[in-house]
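The next block holds one structure in the form of structure tokens; read it before the comments.
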Amino acid sequence: MPDPVINVLGLTKTYGEIKAASNLHFSLNKGELFCIVGPDGAGKTTTIRMLCGIAKPDSGSVQIMGYDLGKDIAAIKKHIGYLSQRFTLYGDLTVDENIEFIAEIHQVKNYGDRREELLDFTRLKPFRRRLAERLSGGMKQKLALACTLIHTPHILFLDEPTTGVDPVSRRDFWKILFRLLQAGITILMTTPYLDEAERGSRVALMHQGSFLIIDRPQAVKSLMKGTIIEVISRDARKAARVLKNMTPPPEVQVFGDRLHIVVQDKEKDFPAVYRRLAEEGIGIEHWREVPPSLENVFIALTRDSSLTNVHA
């Protein structure tokens, strides 16, 4: 097994009575895409800011590229790139000027060829003389990524890079990320989107400052017990209330006009569910069996701690 490029032991950070990160343990290997996923307030941004040396942990240790984060932050910064949630470049500078400015901060010499390469890579070359403030949201994120890559980092920390980005730009951004992975760059990213997290080599589901589980997406989804029946009904919320009063109650997850009903024995349990809804006059427009998603597992894990099985 190769030595991990990131190794985190017991990382903890509190703000008053709030535990933003609680005793986190994990490691990353070179070329891995590691996704930390969870809702707002889960602790994702705090975690990534600690790993970049921006926020100081209360306890725990972090080693990046063999350097100790507490002692060798200057050496570590040469190897990492950080893309924050918010666009932090200069709106009154052009695309070219923003890249130039960040290159000089990182003391990158003769960056001309590297800039041309990044402009091609991000497809920003036609917009190189446009002011950053006049770029679309997706182009701003690509410019921020180009600036993050100007000093050729080995590890990228991306904090919710596609939040608020239109679907086409989001797809383009992911194409860029996969090309970076093919080049051997290690990526740790946070995201509120569980469908994005499924693209990672491993995913960490985060809730209230703790990791519920760390594993490959398919292994995480395999934790879901039983069969998931998707039911479409105009009275989805009423249906959920009715089913929760059954004995024993099936697990019910509500997604708009859809219910995901988790049953242990499809042939026995679902007919009972169907009859109970019919008795209450609740119509079912359509139903089908669906495979488990990370969202299903995340909801189940926050309800049933016995499912949690962390693999760092």
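Assigned to a helix (DSSP H, G or I) and of a type outside the set (D, E, K, R) - does that describe any residue in the stretch 252-269?
Within the stretch 252-269, not a single residue is assigned to a helix (DSSP H, G or I) and of a type outside the set (D, E, K, R).
Pick out the one residue from Pro161, Pro192, Pro153, Pro167 that is in contact with a Leu (Cβ under 6 Å, 6 or more places away or on another chain) and not acidic (Asp, Glu).
Just one listed residue meets the conditions, Pro161.
Mind checking whether some residue in the stretch 261-269 is surrounded by 16 or more Cβ atoms within 10 Å (Cβ to Cβ), among the charged types (D, E, K, R) and within 24 Å of Ala42 (Cα to Cα)?
Checked against the condition, which is being surrounded by 16 or more Cβ atoms within 10 Å (Cβ to Cβ), among the charged types (D, E, K, R) and within 24 Å of Ala42 (Cα to Cα), the stretch 261-269 yields no hits at all.
Being within 15 Å of Glu285 (Cβ to Cβ) and of a type in the set (Lys, Arg) is the filter; apply it to the stretch 238-265 and report the residue that is farthest from the chain's Cα centre (by Cα).
In this case the residue turns out to be Lys238.
With Tyr111, Tyr90, Tyr82 as the choices, which residue is hydroxyl-bearing (Ser, Thr, Tyr) and more than 25 Å from Val168 (Cα to Cα)?
Of Tyr111, Tyr90, Tyr82, the one residue that is hydroxyl-bearing (Ser, Thr, Tyr) and more than 25 Å from Val168 (Cα to Cα) is Tyr111.
List pairs: first residue in the stretch 42-71 and small (Gly, Ala, Ser), second residue in a loop (DSSP other than H, G, I, E, B) and crowded, with 21+ Cβ neighbours inside 10 Å anywhere in the structure, Cβ distance under 7 angstrom, at least six positions apart or on different chains.
Gly43/Gly209; Gly53/Leu69
Of everything in the stretch 222-248 that's aliphatic (A, V, I, L, M) and part of a strand (DSSP E or B), which residue is farthest from His260 (Cα to Cα)?
Ile232
Quick check on my filter: what residues within the stretch 38-76 are part of a helix (DSSP H, G or I) and farther than 16 Å from Asp159 by Cα?
Of everything in the stretch 38-76, those that are part of a helix (DSSP H, G or I) and farther than 16 Å from Asp159 by Cα turn out to be Ile73, Ala74, Ala75, Ile76.
Residues in the stretch 26-49: is at least one touching an Asp or Glu at 6+ places or on another chain (Cβ under 7 Å) and more than 17 Å from Pro161 (Cβ to Cβ)?
Within the stretch 26-49 (the criterion being touching an Asp or Glu at 6+ places or on another chain (Cβ under 7 Å) and more than 17 Å from Pro161 (Cβ to Cβ)), the answer is no, since none of the residues qualifies.
Can you tell me which residue among Leu205, Leu223 is within 27 Å of Lys13 (Cβ to Cβ) and touching a helix residue (DSSP H, G or I) at 6+ places or on another chain (Cβ under 6 Å)?
Selected residue: Leu205, the only one of Leu205, Leu223 that is within 27 Å of Lys13 (Cβ to Cβ) and touching a helix residue (DSSP H, G or I) at 6+ places or on another chain (Cβ under 6 Å).
Restricting the search to the stretch 103-126, which residues are within 10 Å of Leu143 (Cβ to Cβ) and either part of a helix (DSSP H, G or I) or not assigned by TED's automatic domain parsing to the domain that holds Pro153 (or both)?
Of everything in the stretch 103-126, those that are within 10 Å of Leu143 (Cβ to Cβ) and either part of a helix (DSSP H, G or I) or not assigned by TED's automatic domain parsing to the domain that holds Pro153 (or both) turn out to be Leu118, Leu119, Thr122.
Give the residue, chosen from Thr302, Thr247, Thr308, that is farther than 29 Å from Ser210 by Cα, at pLDDT below 90 and of a type outside the set (A, V, I, L, M, F, W, C).
Selected residue: Thr247, the only one of Thr302, Thr247, Thr308 that is farther than 29 Å from Ser210 by Cα, at pLDDT below 90 and of a type outside the set (A, V, I, L, M, F, W, C).
Taking the criterion of being in contact with a Lys or Arg (Cβ under 6 Å, 6 or more places away or on another chain), in the same structural domain as Leu188 (by TED's automatic domain parsing) and either surrounded by fewer than 20 Cβ atoms within 10 Å (Cβ to Cβ) or among the hydroxyl-bearing types (Ser, Thr, Tyr) (or both), would at least one residue in the stretch 50-62 satisfy it?
Within the stretch 50-62 (the criterion being in contact with a Lys or Arg (Cβ under 6 Å, 6 or more places away or on another chain), in the same structural domain as Leu188 (by TED's automatic domain parsing) and either surrounded by fewer than 20 Cβ atoms within 10 Å (Cβ to Cβ) or among the hydroxyl-bearing types (Ser, Thr, Tyr) (or both)), the answer is yes, since at least one residue qualifies.
Given (1) on the phi < 0 side of the Ramachandran plot; (2) free of Cβ contacts under 8 Å to residues at least 40 places away in the same chain, where does Phe270 come up short, assuming only one miss?
(2)
Restricting to the stretch 2-37, name every residue that is at positive phi and outside any strand (DSSP E or B).
Matches in the stretch 2-37: Gly16, Gly31.
The values are calculated or read from the model by the stated rules, or taken from the named source; none is laboratory data. Note that the structure is predicted; figures quoted are calculated from it, not measured. All Cβ positions, glycine included, derive from the backbone under ideal geometry; neighbour counts span all protein chains shown.
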